[in-house]
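Reading through the structure tokens given below for one structure.
The values are calculated or read from the model by the stated rules, or taken from the named source; none is laboratory data. Only a predicted model underlies this, so the values are computations on that prediction, with no experimental measurement involved. Virtual Cβ from ideal backbone geometry, glycine too; neighbours counted across all protein chains shown.
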Amino acid sequence: MNILNSLNVLLIKTVYASDADVIPPSTTERVDLKWQIPSLADIVSFALRFLFIIAGLIALIYLVLGAFAWVTSSGNKENVSKAQEKIQAAIVGLVVMVAVIVIVGALEQFVFNKNLCLGLTCAIKLPSLIQTTPVPAP
């Protein structure tokens, strides 16, 4: 029983009533919604990242399908060659995708001197939509 009491003390917080003149912390701050239209750079950055993720997933799925086709070909020469073509196409797709990422990263770093960010080598900036500002005291 002693173990249960000690676990109860650790897991359950005791709440006591407070004075009526204490202002709850939620009334001392005002929440403002800050809506901004994304810039063209933000849209291009999001589109590039999204397309790279989708292309990578498609290439990996195609690679797995090719491997599955090879395993289930049961030694048939036609099916083995089709499976090899799928695997080669997936690997070529992944290599092209990595080459494009390297080229875009080099353009961002060296050609544009980090002034233009296409979203691959620069930090991700997530704009905050909620901003709290303190309410002035009466």
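General observations
- Count of segment 31-82 residues which are in contact with a Ser or Thr (Cβ under 6 Å, 6 or more places away or on another chain) and either under 17 Å from V95 (Cβ atoms) or among the aliphatic types (A, V, I, L, M) (or both): 2
- Of residues in segment 44-83 being in contact with a Leu (Cβ under 9 Å, 6 or more places away or on another chain) and over 16 Å from V100 (Cβ atoms), the one surrounded by the fewest Cβ atoms within 10 Å (Cβ to Cβ): L60
- Exactly one residue out of A99, A89, A106 is farther than 29 Å from L40 by Cβ and at pLDDT 80 or above, and it is A89.
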